[in-house]
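Here's the structure we're looking at; comments come further down.
Read-outs throughout are calculated quantities, based only on the coordinates presented, and are distinct from any laboratory measurement. Just so it is clear, the structure is predicted and the values come from calculations on it, not from any experiment. With ideal geometry, Cβ positions are generated from the backbone for all residues, glycine too; neighbour counts draw on all protein chains shown.
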Amino acid sequence: MKDYLPLQVQCDDNHLPLAVYYRERSLQVVARLEYWHDTGCWWAGESEKYFHRLILEDRSVREIFYDLAQQEWFLYKTYD
Amino acid sequence: MKFVHLHCHTPFSFLDGASPVEELVQRAAELDMPALAVTDHNNLSAAVQFAQAAIKYGIKAIQGVEIKLADNSHLTLLSENNRGYASLCQLVTRSHLNNPRGQAAVNGSDLEELQEVIVLSGCRQGSIPCSILRGDYQRAWQQAQYYKSLFGGKNFYIELQNLLLPGDNYLNQRLLELARQLDLEVVASNNVHYTGHEDFFLHDVLCCARKLITVSDIDPGRPLNGENYLKSAAQMEELFAGCPQALTNTLRITERCQAFLHEPVFHFPRFPLLPGQEAAGVLRQLVWQGAQQRYKKITPAITARLEYELGIIEQMGFPDYFLVVWDLARYSRQEGIRYAGRGSAADSLAAYCLGITAVDSLQRGLLFERFMNPERVGMPDIDIDFESRYRDKVIDYVYKKYGSEYVARVATYNTFRARSALRELGKALAFPEPELDPLCKRMPFYARADQIRSLLHKLPELKDSPLHEPRFELLLDCCDRLAGFPRFLGMHLGGLVISDIPITSLTPLQESGLGPVISQFDKDDIEGLGLVKLDLLSLRTLSVIQDATAQIRQSDQDLDYEAIPLDDRETFAMINRGETIGVFQLESPAQRALQTRFQASEFEDVVASMALIRPGPIKGNMVDPYVDRRLGKEEVSYLHPWLEPILKKTYGVVLFQEQVIEIGQAIAGFTPAEADQLRRVMTHSRSHKMMEELGHKFVERSVNRGIETSLAEEIFQCMLGYASYGFCEAHAAAFATTSYKSAYLIRHYPAEYYTAILNHQPMGFYPPRIIGNEARRRRIDILPPDVTRSGIDFTVEMGAIRVGLKQIKGLSAASLGSIIAAREQASYTSPLDFVVRTAVPQNSLENLVRCGALDSLCGHRRFVLSQLYYYLEKRQARENGSGLLFEEQGVPAGIDFSTAEKRSWEYSLLGLYVGEHPMAAWRPILRQNGFKSSHDLQDSDSGRLVWAAGLLLHPHRPPTRSGRITVFFSLEDEYGIIDATMFEDVYMQCGSYIFGPQNGPLLAHGKIHRRGEGVSLIVQQVLPCPLAINPESASLSNE
C-alpha cells in the first residue's frame, strides 16, 4: 500500500468525521459529499477502508479514509 | 421496521452469486423477514429450490429475474403470481432463443408482453441509473417515463441501492428527484450476491473467473466492497434513513406478490384421442389386449392384478402418461428400434402388457407399489433404454406428436468439482496455468470441491502436492465454499417432459451446449413444477445387440433374440469362469470376480448379481455371506416363518427394495402405501428420528398381529441393516435380461458381438484394445486395417475381425468416403494408384501408411512414406490434367521400420493392437527374471508370492464401510488381464505409481488369491518397469 499521511480526525458517535487536524490546524467538516467502502487488495492482505469526500471549513475538498485494520485515519486525496 | 430483499442473486446467476439458495432463505428467515425475492440473471433455475426452501423456513418466495436488455442495461422483474411467473418464463425463453447461446438479451418490444409483473428500475447497470451517472438526466427522465407508460405507474418502481459506493449519494438523490417528478414510487434493495459480508471474497473471485481476469486486474465489473450481502432491516433502515418509504414499499410489493409454488400443481401430458374417447378407457382396452397377447389365457390372478393397477393409475391421474409411453414403445417396434423398459416401471404388469417392459412382474412376484402408490411423495416415472443411434429419432417423434411448445428436454446442473474449481478459481487468483494444470490433473476426477483439503492428507499421490503450501490457502478456502455451485446448464441424458399447457408457462427454455433446447430445470426441480418426467435413454448395448444379431442372421437365420433360451449351460459356464468382458453389466472386475465364486446356474442368479455388485452391498460386506448361502456354505434361516416366502429367492437376505415392502405388509400389516414409505425411508437414509418413528410403528403393528416385541424389533433391525443397500428388483430383472442375452451372444457368436462392440465405442468398461485382446483370447484374429478390404466400420471377415478405416486417427469422413468410392470404381493396385485416385490429405496418408493400412499394396512402410511427396505431386498433376498417371514407382529399398516401431504406430493410431501385444515383446526378459503372465497365474497356487507385470488398467478406489482405502486395478498383458487388489498400507507406499503419471508397464509383487474359479493378486508392492524407460535394457531384476 502507498504511504498515506496519517491524520487526526474528530468523529461523532456514529464515527463520522466532524473535524480534521491538518498541518496543525483543526478544520471543521462543512459537508460530507460522498461516503464509500473499499476492500482494496484483500487477496494481498490489505484491509477494508471507509472513505469520505469532505468539504472542510477552508473550502478545500479532501478525501480521507479510515483503515479498519490499523484503526487510523489517513489523507487520501486533496482536490485543487 | 420490517424490510424485504427484492433483488437477490443465487449461484444460478452463474459466477455472480456466492451463497447457496437455502442459506440465503435461512438467513432471511433468521432476520425475521416475511419474504425474499430471487432475481438471477436471465435465469429462473433457482425457482423450485427457492420455493421449497421458503416453505421450509416459513417465508414467502417471490420469484423474479434480473434481465439484460439488448442495450446491456438491466431491469429487475418480480412475478406477482403464476401468470406473472409464466410471463417471466416466456420473456427469459425469448431472451435466450432469439440470441446466440450465452448472449441472452431481451428486446425492448418483448417487455410489452409482460403481465402481472412488478418492475424495478435496476442496479447501476439499469438504463436510468446509468444515464444519471453519465450526467444525462434528461435521458434518465425519458427512460423512466417510457417504463412508466409501458408497465403502468403502479407496477414500475425506481430502485434505490446504497451499497456504499462512490457516487451512491448523488445517484440516489437524483433518482428520488426523478421519482418525485414522475410521480413514481421508490423501493430500496441491496443487490444481494451473498449471505454475509465474509462471503465477499468468493464473490469477487467468481467475478474475476466470469470476466476471465485475475484479482490483480482492475475492472469496473468487479465489486469495490463487500456490501452486497443480506443486510438486516435495521442495517437497511440506517442506509435509507432519509427515505423510509423506500423500505416500506418492499413490504407493499411483498403483499402484492403471491408465494411461488406454495400449492402443489400437476401438469400431466395429454395423449391425443379421438372425439368421445377418454384416456382411462383407451388405456384399459390396450392393457387387456396386451394381456391377451402376452398370456393367451387370462387367469383370475392376472385380472385382479391388472384391475388393481389400473385403479391406481386412474386414481393418480396417470392414464395419459401411460398412453404416451405405450405409444413410444409402439412407435419403436414399428420402426424396428430396439428398446427395453428399465427401472421400477418393470414392477407394473400393465407396463408389461403394454409392451413397455419385458419383465413379467406377476410371475416374478414384483410389487406394483414400489413403482406407484397414491401416497408416494415423488412422482413415478418410466425409463426406457433405446438403441443409441435411434434414440434421438424417438425424441423427434415426441416433439412432432405433442408439439415443441409442449415438450422440453430436462437440464442438468453441472456443478463445480475439485478439478474445475481449482482450475477456474486458481486462474482468477493469478496462479499460472502451467502450475495449475498438473495440480488439477492429479486430483481424482470424482473429488468434490470441498474435499480437496482432506484428500491432500489422505491420498499418497497428493502428499507432495504443492497445494499443501500456504500460498494456496485462499484458493482452497474458495473451493470449500464453492462446492456444489452450478457452473452451467447441461442436458440430461434422456429426461423429457410433456406438459398439458405451453411448456414456457412453466419453464424457460434455452439452447444447450450440445444444441437441443432444454428447460432451465433439472430432473428433480422440474418435477417440483408438477411435470412428470420420461427418461428416454440411449443405450449402446442395444445398438450392439441389434448390429450383432443382424450380422449373425446372415449366417444363422434361426437366431431369434427374443427367444434366446435363459438356461443355456455354455453361457452360464462362460459366466462362471468370469469371462464376461463385453457382457452388459457383468464385465467389471468386481462382477467378474463375483461370477467366478457365485456359480450362477439360472437367470435369477444373474438378477441377484445386478443387485449385489453395488456400492451398498460391497460397502456393507454383504456379498460374501450372500454367496456362501447361495453355495450352501452358510445355513439359510428366517427370523419368522412369514418371511420365508418373501426371502427364499434371496437365501434369507433382504436384497431387493420390494422385499422391504413385502415384509412391512406381511409382518406389520402395513398398507401398500405405508410399506412403500418404509422402503423409501430405509433406502434413502432418512433422518434417525424418522427411522425411529417408523421402527415404533412397525413394532407396534407387528405386536398387534401376534408377533413378540423382541422378534419384531429384531426383524426391523435386520431390515435396517440390509435395506439401505437394497436395489429395485424390477430394475435388476430388466437389466439382467439384456445382460444374460448379451452373454449368450458372446458365447456363441463372439466375432459378431465384439465387432459390434468395437463399432459402438466408447461404451462399457473397457477400451477397444482390451476388447480386441479378449477377442484374440477367444481365437478370433484381429486383422489390420487395409485400404483394399476394410470397410468404414469393423467387419467380420471369415470369422476374424477386420479393423475399419474409421478407427484410424485423423481420417475425416470425406477421406473415408473418397477411399470407399474410388475402390468401388476399381481395386487399388499400388500406393501411387491409391494416393492419386483418392482425396486423402497428406497427414492422413501418413497415418494410413504408419498403421499398415497400405501394407497390402506395399509392405515397406518407410519407403511408401518417403514417396508420399512424389505421389502427391502426381495427384496434383492429374488434377491439373498433366503428368504421366501410371509412371513406374520406385523399387522399395532400405530398411523398413522395426517391428516395435510398427506396433507402436499401430497402437497410437488405432487404439488397439493388431499385431503383437507390447508385453509380448518384453515377455522373454520378464520370464527370464521370473515374472508371471496372466496366463501363468491361472495355474498358480493360492497364497504363493509372485511377481507379475502388465499395463495398468482402470485403477479405482470405491468407498468402503470402514473408510479405509482399497484400490482395485488390473494389469493387462498379451494373454488377458490380472485383477489386483491393494490395501491401504501398500497404497500409502506405492499409490503414486498407480494414480500418478503413467510411463509404461508396472511390476507388481503379491500373493495369489484364488476364490472359486477366479484368480487375483493381493498386491504387496508396485514398481514402475525399467523396461518402459529403456525397452532394450536387459537389466531387469525383481530382487
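Computed quantities for the displayed model
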{"item": "At 1.002 mPa s and 20 °C, Stokes diffusion of segment B:838-930 via Kirkwood alpha-carbon radius, µm² per second", "result": "140"}
{"item": "Exposure proxy ranking, count of Cβ atoms within 10 Å, fewest first, for B:T671, B:T737, B:T795", "result": "B:T671, B:T795, B:T737"}
{"item": "Label point 7 Å beyond Cα of B:L274 along Cβ direction - residues of segment B:385-402 with amide nitrogen under 16 Å", "result": "none"}
{"item": "Net +/- balance of residues flanking A:Y22 in space, Cβ distance below 10 Å, scoring K and R +1, D and E -1", "result": "+1"}
{"item": "Three principal axis lengths of segment B:637-773 [C-alpha, angstrom, descending]", "result": "61, 31, 23"}
{"item": "Using alpha carbons only: equivalent-ellipsoid semi-axes of chain A, gyration tensor based, whole Å", "result": "21, 13, 12"}
{"item": "Largest to smallest principal axis extent of the C-alpha atoms in the protein assembly as shown, angstrom", "result": "100, 87, 66"}
{"item": "Separation of the B:D136 and B:R927 label points, Cα + 7 Å toward Cβ, nm", "result": "8.5"}
{"item": "Residues B:E198 and B:Q989, FRET efficiency given R0 of 30 Å [Cβ-Cβ distance, rounded to 0.05]", "result": "0.15"}
{"item": "For segment B:535-596, the spread of Cα positions along each principal axis, largest first, Å", "result": "34, 34, 17"}
{"item": "Rg(Cα)/(2.2 N^0.38 Å) for segment B:109-226, N = residue count", "result": "1.19"}
{"item": "Value of Rg to Rh for segment B:294-395 (Rh from inverse mean 1/r over Cα pairs, i.e. Kirkwood)", "result": "0.97"}
{"item": "Greater than 26 Å apart at Cα, pairs in B:K400/B:K741; B:K2/B:K60; B:K56/B:K427; B:K533/B:K649; B:K68/B:K148", "result": "B:K400/B:K741; B:K56/B:K427; B:K533/B:K649"}
{"item": "Neighbourhood net charge (10 Å Cβ-Cβ; Lys/Arg +1, Asp/Glu -1) for B:L534", "result": "-2"}
{"item": "Reachable lysines, given that their alpha-carbon falls under 25 Å from the alpha-carbon of B:K932 and they are not under 8 places away in the same chain", "result": "B:K1007"}
{"item": "Net lengthening on full extension, B:H935/B:K441 (0.36 nm per residue, minus Cα-Cα)", "result": "174.4 nm"}
{"item": "Overall dimensions of segment B:350-420 by Cα: Rg and Dmax, Å", "result": "17.1, 49"}
{"item": "Gain on full stretching of the segment that runs from B:T248 to B:I501 - 0.36 nm per residue minus C-alpha separation", "result": "87.4 nm"}
{"item": "Fewest-first ranking of A:W73, B:W288, using other Cβ atoms within 10 Å as the exposure measure", "result": "B:W288, A:W73"}
{"item": "Cα-based Rg / Dmax (Å) for segment B:1-71", "result": "11.8, 39"}
{"item": "Residues of segment B:165-187 with amide N under 18 Å of a point placed 7 Å along Cα→Cβ from B:S149", "result": "B:179, B:181-184"}
{"item": "Highest-first arrangement of A:30-40, B:768-778, where packing means the average Cβ count within 10 Å", "result": "B:768-778, A:30-40"}
{"item": "Length released on extending from B:E644 to B:S830, taking residue separation times 0.36 nm less the Cα-Cα span", "result": "59.6 nm"}
{"item": "Radius of gyration and Dmax over the Cα atoms of segment B:178-276, both given in Å", "result": "21.6, 71"}
{"item": "Long-range Cα-Cα pairs in segment B:878-1019 (distance over 18 Å), rounded percent", "result": "66"}
{"item": "Check: segment B:364-459 dipole with +1 on Lys, Arg Cβ and -1 on Asp, Glu Cβ, in debye", "result": "300"}
{"item": "Per-bin percent of Cα-Cα distances, segment B:58-134 [10 Å]", "result": "20, 49, 27, 5, 0"}
{"item": "Order of B:I545, B:I501 - criterion: other Cβ atoms within 10 Å of each residue's Cβ, fewest first", "result": "B:I501, B:I545"}
{"item": "Using a Förster distance of 25 Å, the FRET efficiency for B:D524-B:Y308 (Cβ separation, nearest 0.05)", "result": "0.30"}
{"item": "Efficiency of FRET between B:E113 and B:Q998 - r from beta-carbon atoms, R0 51 angstrom, step 0.05", "result": "0.30"}
{"item": "Neighbourhood charge, 13 Å Cβ-Cβ cut-off, centred on B:Q551 and excluding it, Lys, Arg +1 and Asp, Glu -1", "result": "-3"}
{"item": "Dipole in debye (nearest 20) - the protein assembly as shown, about Cα centre, beta carbon charges: Lys, Arg +1; Asp, Glu -1", "result": "1660"}
{"item": "On Cα atoms only, tilt of B:200-211 relative to the major axis of chain B in degrees", "result": "60"}
{"item": "Kirkwood hydrodynamic radius (C-alpha pairs) into Stokes-Einstein, chain B, 4 °C and 1.567 mPa s, D in µm²/s", "result": "39"}
{"item": "Convex hull volume of segment B:438-563 per residue (C-alpha atoms, cubic angstrom)", "result": "242"}
